[in-house]
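Below is one structure, written out as structure tokens; comments come after it.
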Amino acid sequence: MALISIIIGLFLDRTFRHLHDLRDMTWFEFYSQAIQRFTGKRMPPLQFILILALPVLLLLSIQILLHDFLFNVPAFVFGIIVFIYCLGPACLSSDIEAYIYARKLGDDDEALHYAGTITDSAASTSPDQQISDVTRAILNVANERIFATIFWFIILGPFGCMLYRLISELSKQIEYDQLSEFSEFIHAIMAWIPARMLAAGYALTGNFDGAYHAYRDRAHTSDLSESNKEVLVATGLGAMRNLDMEDELASIYAAQALVMRAVIVWVGILAVMTLGGIFN
């Protein structure tokens, strides 16, 4: 069931672009801020638990109630809906294609906008630096937008991917410094295994030798978030080593293709494990 839900979810997400507009997390922002105003300046772990308790327990209750109900059809549909909702929040492929289109048209303002969307920061106005930043960001955010959601859906079902997405959203609420820092720490822990699995996918579907040496020689840091990023970017760039980069956008195409191949490899591995009865 998990495998079919993931395949259908990825297909619908890629085919029906209007679904991206339904991933509105404004409700969670208002809800979390209301809880924080109510609790005052309490310890971040306590606020963290109080904020997440109601939505995740509600989702877990629905998941348990639907289990084995009407041949699991309602649970199957529910899982697809939650999985699609937790992807992103925007489709990475759509953002990449919009960036490439703007760059080909010579629309610098539009390219700058989509570069900032992909890198999640103010993008460079220098075309060469911008392309380099976008390439590196694609290799990194693929874990956040796609693979970590797949991983936690497989491990804990709809409850798992929703928990990951809510923690990710909570870590971005920078107006509450201590809570966002604590949330980012938990988020980095949850992203640790998926990041390394995706990096392994880069190595398996790209230049393995280049990926291995880049992973071994990467910058090491005690910051978990930065460590996850370094693993993904270094391994991804290593896996893209020795590629023909004649076109200025070649690295963008290569990074996008590498991400897609890595995800397909892991979905294929999931299919084998499903056939073997490890997952159902």
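The residues of segment 54-109 that are under 19 Å from LEU3 (Cα atoms) and of a type in the set (Gly, Ala, Ser), listed by number, are ALA75, GLY79, GLY88. Remark: pairs (first residue in segment 118-140, under 24 Å from TYR215 (Cα atoms); second residue in a loop (DSSP other than H, G, I, E, B) and modelled with pLDDT of 90 or more; Cβ separation under 9 Å; 6+ apart in sequence or on different chains) = THR135/MET240; LEU139/MET240. Within segment 105-122, being within 20 Å of ASN143 (Cα to Cα) and out of contact with any Ser or Thr (no Cβ under 9 Å at 6 or more places or on another chain) holds for TYR114, GLY116, THR117, ILE118, THR119, ASP120, SER121. Within segment 207-223, the set of residues being of a type outside the set (A, V, I, L, M), at pLDDT 90 or above and surrounded by 15 or more Cβ atoms within 10 Å (Cβ to Cβ) comprises ASN207, GLY210, HIS213, TYR215. When residues in segment 239-265 are screened for being at pLDDT below 90 and among the hydrophobic types (A, V, I, L, M, F, W, C), 4 of them pass. Can you tell me which residue in segment 181-196 is nearest to SER227 (Cα to Cα), limited to those that are in contact (Cβ under 8 Å) with a residue 60 or more places away in the chain and in contact with a Phe, Trp or Tyr (Cβ under 8 Å, 6 or more places away or on another chain)? Residue satisfying both the conditions and the ranking: ILE186.
Restricting segment 200-224 to residues that are among the hydrophobic types (A, V, I, L, M, F, W, C) and either in a helix (DSSP H, G or I) or in contact with a Phe, Trp or Tyr (Cβ under 7 Å, 6 or more places away or on another chain) (or both), the residue that is farthest from LEU52 (Cα to Cα) is PHE208. In the set (1) within 14 Å of the chain's Cα centre (by Cα); (2) within 20 Å of ASP13 (Cα to Cα); (3) touching a residue at least 12 places away in the same chain (Cβ under 8 Å), the condition left unmet by GLY160 is number (3). Can you find even one residue in segment 28-43 that is closer than 27 Å to ALA75 by Cα, part of a helix (DSSP H, G or I) and in contact with a Phe, Trp or Tyr (Cβ under 6 Å, 6 or more places away or on another chain)? No. What number of residues within segment 13-26 satisfy the criterion of being at pLDDT 80 or above, assigned to a helix (DSSP H, G or I) and either more than 13 Å from SER94 (Cα to Cα) or touching a Pro at 6+ places or on another chain (Cβ under 7 Å) (or both)? Counting residues in segment 13-26 that are at pLDDT 80 or above, assigned to a helix (DSSP H, G or I) and either more than 13 Å from SER94 (Cα to Cα) or touching a Pro at 6+ places or on another chain (Cβ under 7 Å) (or both) gives 1.
The values are calculated or read from the model by the stated rules, or taken from the named source; none is laboratory data. This is a predicted model, so every value here is computed, not measured. So basically every Cβ, Gly included, is an ideal-geometry build from the backbone, and we count neighbours across all protein chains shown.
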